[in-house]
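Every read-out reported here was derived from the displayed coordinates using simple, explicitly stated rules and does not represent laboratory data. Computed from a prediction, not measured in an experiment: that's the story for all the values here. Glycine also receives a Cβ, built like all others from the backbone with ideal geometry; neighbour counts cover every protein chain displayed.
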Amino acid sequence: MATRFVPSDAACPDHPERAAVDICVRCGRFLCQSCVTSRAAKVMCKGCAMRPMVRAEDPFPPLAVALLVMGVLGLVVLPLGWAAGLMGQRQLNRIARGAVTERGEFAYQWARGLGWASLAVTVVMLLAGAWTYWGDGSI
């Protein structure tokens, strides 16, 4: 574990009377000696050490892949596309709140976009059906 540069006037937020000796690699909090926790050869605060670790070699979590597949299939089976869009937006909201890591954010954005596309296909189909029913019958 390599110690990062800690300003001399930095104090631990949990123990303001103690000087900081390190910085959490996840959230950037200053840590005193009693707050330093080591996990997977990384220095973290206790809160970050309790959160699940994410493997760096997995660029997309399984949920992101599933939502992409749902979004693509949703262009044919429309309700599947709507669900992918809603679930993709939910994950993006969780990323924005910091509840989950940013891993898979690109896939979630695509799932949301495919959800909007399937919604657009639905609207076009409904308008075409309405035009055929109430219009002159030719499209």
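Say each of ASP9 and ALA40 gets a label point 7 Å from the Cα, pointing the same way as Cα to Cβ; how far apart are those two points in nm?
3.5
When only alpha-carbon atoms count, how far does the chain stretch along each of its three principal axes, as whole angstroms with the largest first?
On the principal axes, the chain reaches 80, 28, 20 Å in Cα extent.
Relative contact order for segment 62-134: what is it in percent, counting Cα pairs under 8 Å that are at least 6 residues apart?
After rounding, I find 38 percent.
Tilt of helix 78-97 relative to the longest C-alpha principal axis of the chain, in degrees (0 to 90, nearest 10)?
20
Restricting to DSSP loop positions (anything but H, G, I, E, B) with no more than 16 other Cβ atoms inside 10 Å of their own Cβ, which GluC sites (Glu not before Pro) remain in segment 30-139?
GLU57, GLU102
Write down the Å³ per residue value for the convex hull defined by the alpha carbon atoms of segment 30-103.
Values: hull volume 6.5 nm³, N = 74.
Residue-normalised Cα hull volume stands at 88 Å³.
Convert each backbone phi in segment 18-34 into a coupling constant with the Karplus relation 6.51 cos²θ - 1.76 cosθ + 1.60 (shift: θ = phi - 60°), then list the ³J(HN,Hα) values in order as whole Hz, x for Gly and Pro.
9, 6, 6, 10, 7, 10, 5, 6, 8, 10, x, 6, 6, 10, 7, 4, 6
If amide hydrogens are placed 1.01 Å from N in the peptide plane, which non-local residues have theirs closer than 5 Å to the one on ARG29?
Amide H neighbours of ARG29: CYS24.
Counting only helical runs of four or more DSSP H residues, what would the 222 nm mean residue ellipticity of the chain come to if each run contributes -39,500 (n - 2.57) and the total is spread over all its residues?
Details: 4 runs with 67 residues, N = 139.
Result for the chain: -16000 deg cm²/dmol, rounded to the nearest 500.
At 25 °C and a viscosity of 0.890 mPa s, what translational diffusion coefficient does Stokes-Einstein give for segment 62-134, taking Rh as the Kirkwood radius over Cα pairs? Give it in µm²/s as a whole number.
Reported coefficient: 197 µm²/s.
Taking Rh as the Kirkwood radius, which is the inverse of the mean 1/r over Cα pairs, what is the Rg/Rh value for segment 1-40?
0.92
Among ALA120, ALA40, ALA49, which one shows the highest mean-square fluctuation when the chain is modelled as a Gaussian network with alpha-carbon springs under 10 Å?
ALA40
Can you work out ³J(HN,Hα) from phi for every residue in segment 35-45, in order, using Karplus 6.51 cos²θ - 1.76 cosθ + 1.60 and θ = phi - 60°, giving whole Hz and x for Gly and Pro?
Those phi angles translate into 9, 5, 10, 10, 9, 6, 6, 10, 7, 9, 6 Hz.
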